[in-house]
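The values are calculated or read from the model by the stated rules, or taken from the named source; none is laboratory data. Source: prediction; values computed, not measured. So basically every Cβ, Gly included, is an ideal-geometry build from the backbone, and we count neighbours across all protein chains shown.
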(Lines give C-alpha, C1' and ligand atoms only; values in the text may rest on other atoms or scores of the structure.)
Protein backbone atom coordinates (compact mmCIF):
# COMPACT_ATOMS: atom_id res chain seq x y z
CA UNK A 1 0.00 0.00 0.00
CA UNK A 2 1.39 3.40 -0.96
CA UNK A 3 1.99 5.82 1.86
CA UNK A 4 0.74 9.23 0.84
CA UNK A 5 2.46 12.48 1.75
CA UNK A 6 -0.82 14.38 1.67
CA UNK A 7 0.03 16.44 4.77
CA UNK A 8 3.79 16.22 4.36
CA UNK A 9 6.25 17.83 1.97
CA UNK A 10 8.45 16.70 -0.88
CA UNK A 11 11.92 18.28 -0.81
CA UNK A 12 10.48 20.92 1.50
CA UNK A 13 7.53 21.80 -0.76
CA UNK A 14 3.79 21.06 -0.56
CA UNK A 15 1.84 19.46 -3.39
CA UNK A 16 0.13 22.78 -4.06
CA UNK A 17 3.38 24.73 -4.35
CA UNK A 18 4.92 22.10 -6.63
CA UNK A 19 1.83 22.22 -8.85
CA UNK A 20 2.18 26.00 -9.06
CA UNK A 21 5.91 25.88 -9.85
CA UNK A 22 5.44 23.21 -12.51
CA UNK A 23 2.23 24.60 -14.02
CA UNK A 24 0.24 21.38 -13.55
CA UNK A 25 -3.31 20.94 -12.27
CA UNK A 26 -2.59 18.24 -9.68
CA UNK A 27 0.33 16.73 -7.76
CA UNK A 28 0.20 13.51 -5.75
CA UNK A 29 3.01 12.94 -3.23
CA UNK A 30 4.02 9.60 -1.70
CA UNK A 31 6.71 8.65 0.76
CA UNK A 32 7.07 5.11 -0.65
CA UNK A 33 5.56 3.27 -3.60
CA UNK A 34 6.39 0.19 -5.62
CA UNK A 35 6.59 2.45 -8.68
CA UNK A 36 5.07 5.83 -9.44
CA UNK A 37 3.73 4.18 -12.60
CA UNK A 38 1.67 1.82 -10.41
CA UNK A 39 -0.01 4.82 -8.79
CA UNK A 40 -0.52 6.69 -12.04
CA UNK A 41 -2.86 4.24 -13.74
CA UNK A 42 -5.53 4.10 -11.00
CA UNK A 43 -5.50 7.89 -10.84
CA UNK A 44 -5.99 8.07 -14.61
CA UNK A 45 -8.88 5.59 -14.48
CA UNK A 46 -10.52 7.76 -11.82
CA UNK A 47 -10.35 10.76 -14.17
CA UNK A 48 -7.17 12.55 -13.07
CA UNK A 49 -6.59 15.48 -15.43
CA UNK A 50 -3.91 15.64 -18.05
CA UNK A 51 -0.74 16.93 -16.44
CA UNK A 52 -1.21 15.14 -13.12
CA UNK A 53 2.21 14.59 -11.56
CA UNK A 54 3.03 11.71 -9.20
CA UNK A 55 6.16 11.96 -7.05
CA UNK A 56 7.65 9.54 -4.54
CA UNK A 57 10.61 9.79 -2.19
CA UNK A 58 11.33 6.09 -2.53
CA UNK A 59 10.44 3.25 -4.93
CA UNK A 60 10.73 -0.39 -3.93
CA UNK A 61 10.11 -1.85 -7.38
CA UNK A 62 10.82 0.80 -10.00
CA UNK A 63 10.32 -0.47 -13.52
CA UNK A 64 12.84 -0.50 -16.34
CA UNK A 65 12.90 -1.91 -19.84
CA UNK A 66 12.53 -5.65 -20.21
CA UNK A 67 10.76 -5.98 -16.88
CA UNK A 68 13.86 -5.09 -14.85
CA UNK A 69 13.11 -3.80 -11.35
CA UNK A 70 15.17 -1.50 -9.14
CA UNK A 71 14.94 0.20 -5.76
CA UNK A 72 15.73 3.79 -4.85
CA UNK A 73 16.83 5.44 -1.65
CA UNK A 74 14.93 8.22 0.09
CA UNK A 75 15.73 11.57 -1.50
CA UNK A 76 18.38 10.07 -3.78
CA UNK A 77 16.68 11.14 -6.98
CA UNK A 78 13.54 12.27 -8.73
CA UNK A 79 11.11 9.41 -9.18
CA UNK A 80 8.07 10.66 -11.04
CA UNK A 81 5.28 9.87 -13.46
CA UNK A 82 3.41 12.43 -15.54
CA UNK A 83 -0.04 11.64 -16.93
CA UNK A 84 -0.90 12.89 -20.40
CA UNK A 85 -3.96 12.30 -22.56
CA UNK A 86 -2.74 12.05 -26.14
CA UNK A 87 -4.39 13.72 -29.09
CA UNK A 88 -2.22 12.14 -31.79
CA UNK A 89 -1.65 8.39 -31.65
CA UNK A 90 0.90 8.68 -34.47
CA UNK A 91 3.23 10.55 -32.13
CA UNK A 92 3.33 7.68 -29.64
CA UNK A 93 6.03 5.86 -31.64
CA UNK A 94 8.51 8.64 -30.98
CA UNK A 95 7.29 9.83 -27.58
CA UNK A 96 10.11 8.24 -25.57
CA UNK A 97 12.75 9.82 -27.79
CA UNK A 98 10.95 13.15 -27.84
CA UNK A 99 10.68 13.18 -24.05
CA UNK A 100 14.33 12.15 -23.77
CA UNK A 101 15.45 15.10 -25.86
CA UNK A 102 13.27 17.51 -23.88
CA UNK A 103 14.56 16.10 -20.60
CA UNK A 104 18.18 16.38 -21.73
CA UNK A 105 17.73 20.06 -22.60
CA UNK A 106 15.94 20.81 -19.31
CA UNK A 107 18.37 18.91 -17.07
CA UNK A 108 21.58 20.15 -18.62
CA UNK A 109 21.53 23.27 -16.42
CA UNK A 110 21.79 20.99 -13.38
CA UNK A 111 24.78 18.94 -14.56
CA UNK A 112 28.48 19.57 -15.03
CA UNK A 113 28.55 18.37 -18.62
CA UNK A 114 26.54 17.88 -21.79
CA UNK A 115 23.65 15.47 -21.49
CA UNK A 116 23.29 12.88 -24.22
CA UNK A 117 20.63 10.34 -25.11
CA UNK A 118 20.89 6.61 -25.68
CA UNK A 119 18.20 4.97 -27.79
CA UNK A 120 15.50 4.35 -26.82
CA UNK A 121 15.12 5.79 -23.33
CA UNK A 122 18.32 6.55 -21.38
CA UNK A 123 19.84 9.88 -20.34
CA UNK A 124 23.64 9.75 -20.31
CA UNK A 125 26.24 12.01 -18.70
CA UNK A 126 29.81 11.32 -19.78
CA UNK A 127 29.94 7.50 -19.98
CA UNK A 128 27.37 6.84 -17.26
CA UNK A 129 23.62 6.76 -16.92
CA UNK A 130 21.94 9.72 -15.26
CA UNK A 131 18.36 8.59 -15.69
CA UNK A 132 15.82 6.71 -17.71
CA UNK A 133 12.35 7.00 -19.19
CA UNK A 134 9.62 4.37 -19.36
CA UNK A 135 6.31 5.06 -21.04
CA UNK A 136 3.17 3.00 -20.50
CA UNK A 137 -0.15 3.46 -22.27
CA UNK A 138 -3.69 2.27 -21.73
CA UNK A 139 -6.01 1.93 -24.71
CA UNK A 140 -9.75 2.18 -25.29
CA UNK A 141 -11.51 1.51 -28.59
CA UNK A 142 -8.18 1.27 -30.44
CA UNK A 143 -7.02 4.66 -29.20
CA UNK A 144 -4.70 5.57 -26.36
CA UNK A 145 -6.83 6.75 -23.43
CA UNK A 146 -3.88 7.95 -21.37
CA UNK A 147 -0.10 7.80 -21.28
CA UNK A 148 2.00 7.50 -18.14
CA UNK A 149 5.51 8.93 -18.61
CA UNK A 150 7.75 7.51 -15.91
CA UNK A 151 11.12 9.16 -15.31
CA UNK A 152 13.88 8.42 -12.83
CA UNK A 153 16.83 10.80 -12.37
CA UNK A 154 19.74 10.32 -9.99
CA UNK A 155 20.41 13.19 -7.61
CA UNK A 156 23.01 11.09 -5.79
CA UNK A 157 25.24 8.47 -7.40
CA UNK A 158 23.82 5.01 -6.56
CA UNK A 159 26.39 2.85 -4.80
CA UNK A 160 25.15 -0.36 -6.41
CA UNK A 161 25.11 0.74 -10.06
CA UNK A 162 28.46 0.85 -11.91
CA UNK A 163 29.23 4.05 -13.85
CA UNK A 164 26.04 5.78 -12.74
CA UNK A 165 25.94 9.58 -12.80
CA UNK A 166 23.93 12.19 -10.94
CA UNK A 167 22.90 15.83 -11.03
CA UNK A 168 25.22 18.30 -9.34
CA UNK A 169 25.51 17.93 -5.57
CA UNK A 170 22.88 19.80 -3.53
CA UNK A 171 20.66 20.41 -6.55
CA UNK A 172 17.18 21.50 -5.47
CA UNK A 173 14.72 18.93 -6.80
CA UNK A 174 11.87 21.44 -7.00
CA UNK A 175 13.98 23.70 -9.22
CA UNK A 176 14.63 20.68 -11.45
CA UNK A 177 10.95 19.78 -11.64
CA UNK A 178 10.05 23.39 -12.51
CA UNK A 179 12.21 23.08 -15.63
CA UNK A 180 11.63 19.42 -16.44
CA UNK A 181 7.87 19.00 -16.15
CA UNK A 182 6.83 21.83 -18.53
CA UNK A 183 9.43 20.62 -21.04
CA UNK A 184 7.99 17.10 -20.96
CA UNK A 185 4.42 18.34 -21.30
CA UNK A 186 5.41 20.43 -24.32
CA UNK A 187 7.13 17.44 -25.91
CA UNK A 188 4.14 15.20 -25.28
CA UNK A 189 1.83 17.71 -26.97
CA UNK A 190 3.73 17.58 -30.29
CA UNK A 191 2.26 15.74 -33.25
CA UNK A 192 3.61 13.32 -35.82
CA UNK A 193 7.08 12.00 -36.46
CA UNK A 194 10.31 13.62 -35.33
CA UNK A 195 10.99 16.91 -37.08
CA UNK A 196 14.23 17.85 -38.81
CA UNK A 197 15.31 20.02 -35.82
CA UNK A 198 14.57 17.14 -33.45
CA UNK A 199 16.60 14.73 -35.58
CA UNK A 200 19.44 17.25 -35.64
CA UNK A 201 19.28 17.61 -31.86
CA UNK A 202 19.26 13.83 -31.41
CA UNK A 203 22.24 13.50 -33.73
CA UNK A 204 24.15 16.05 -31.68
CA UNK A 205 23.30 14.23 -28.45
CA UNK A 206 23.46 10.64 -29.75
CA UNK A 207 25.58 8.78 -27.20
CA UNK A 208 25.90 5.57 -29.24
CA UNK A 209 26.43 6.85 -32.77
CA UNK A 210 29.47 5.23 -34.41
CA UNK A 211 29.77 2.52 -31.76
CA UNK A 212 29.50 -1.17 -32.50
CA UNK A 213 26.46 -2.92 -31.03
CA UNK A 214 25.41 -6.53 -30.54
CA UNK A 215 21.69 -5.90 -29.92
CA UNK A 216 19.01 -5.32 -31.00
CA UNK A 217 21.06 -6.08 -34.11
CA UNK A 218 24.77 -6.57 -34.66
CA UNK A 219 26.42 -3.69 -36.49
CA UNK A 220 27.41 -0.04 -36.10
CA UNK A 221 24.96 2.53 -34.73
CA UNK A 222 24.17 5.20 -37.33
CA UNK A 223 21.48 7.21 -35.55
CA UNK A 224 17.68 7.17 -35.81
CA UNK A 225 15.03 7.84 -38.43
CA UNK A 226 12.03 10.17 -38.19
CA UNK A 227 9.78 7.41 -36.86
CA UNK A 228 12.17 6.62 -34.03
CA UNK A 229 13.81 3.52 -35.44
CA UNK A 230 17.43 2.82 -34.53
CA UNK A 231 19.61 2.76 -37.66
CA UNK A 232 22.22 0.01 -37.54
CA UNK A 233 24.76 -0.42 -40.32
CA UNK A 234 25.17 -4.09 -41.23
CA UNK A 235 26.67 -6.02 -44.13
CA UNK A 236 23.30 -5.60 -45.83
CA UNK A 237 23.30 -1.82 -45.33
CA UNK A 238 21.46 0.36 -42.84
CA UNK A 239 18.57 -1.39 -41.08
CA UNK A 240 15.95 0.38 -38.96
CA UNK A 241 15.10 -1.43 -35.71
CA UNK A 242 11.91 -0.45 -33.89
CA UNK A 243 12.11 -2.40 -30.63
CA UNK A 244 14.54 -3.92 -28.17
CA UNK A 245 17.41 -2.62 -26.04
CA UNK A 246 20.68 -1.23 -27.33
CA UNK A 247 23.70 -3.23 -26.12
CA UNK A 248 27.16 -2.10 -27.15
CA UNK A 249 29.97 -4.49 -27.89
CA UNK A 250 32.25 -2.60 -25.47
CA UNK A 251 29.85 -3.34 -22.59
CA UNK A 252 30.12 -7.13 -22.90
The range 204-227, residues that are within 16 Å of residue 116 (Cα to Cα) and not in a strand (DSSP E or B): 204, 205, 207, 208, 209, 210, 211
Return yes or no: is residue 193 in the same structural domain as residue 42 (by TED's automatic domain parsing), in a helix (DSSP H, G or I) and in contact with a helix residue (DSSP H, G or I) (Cβ under 8 Å, 6 or more places away or on another chain)? no
State which residue is modelled with the lowest pLDDT when the search covers only the range 228-243 and only residues that are under 17 Å from residue 206 (Cα atoms) and part of a loop (DSSP other than H, G, I, E, B). 242
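Criterion first (crowded, with 17+ Cβ neighbours inside 10 Å and modelled with pLDDT under 95) does residue 32 satisfy it?
no
Going by the structure shown, is residue 166 under 25 Å from residue 37 (Cβ atoms), in a loop (DSSP other than H, G, I, E, B), touching a strand residue (DSSP E or B) at 6+ places or on another chain (Cβ under 8 Å) and not assigned by TED's automatic domain parsing to the domain that holds residue 123?
No; evaluated as a whole, the condition is false for this residue.
For every residue, the table says whether it meets (1) more than 23 Å from residue 247 (Cβ to Cβ); (2) touching a helix residue (DSSP H, G or I) at 6+ places or on another chain (Cβ under 9 Å).
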| site | (1), (2) |
| --- | --- |
| 133 | no, yes |
| 145 | yes, yes |
| 148 | yes, yes |
| 166 | yes, no |
Name the pairs whose Cβ atoms lie under 9 Å apart, with the first residue in the range 31-55 and within 12 Å of residue 138 (Cβ to Cβ), the second part of a loop (DSSP other than H, G, I, E, B) and at pLDDT below 95, and 6 or more positions between them or separate chains? 44/85
For the range 12-29 the number of residues that are without any contact (Cβ under 8 Å) to a residue 40 or more places away in the chain, in a loop (DSSP other than H, G, I, E, B) and either buried (at least 20 other Cβ atoms within 10 Å of the Cβ) or outside the structural domain of residue 59 (by TED's automatic domain parsing) (or both) is 0
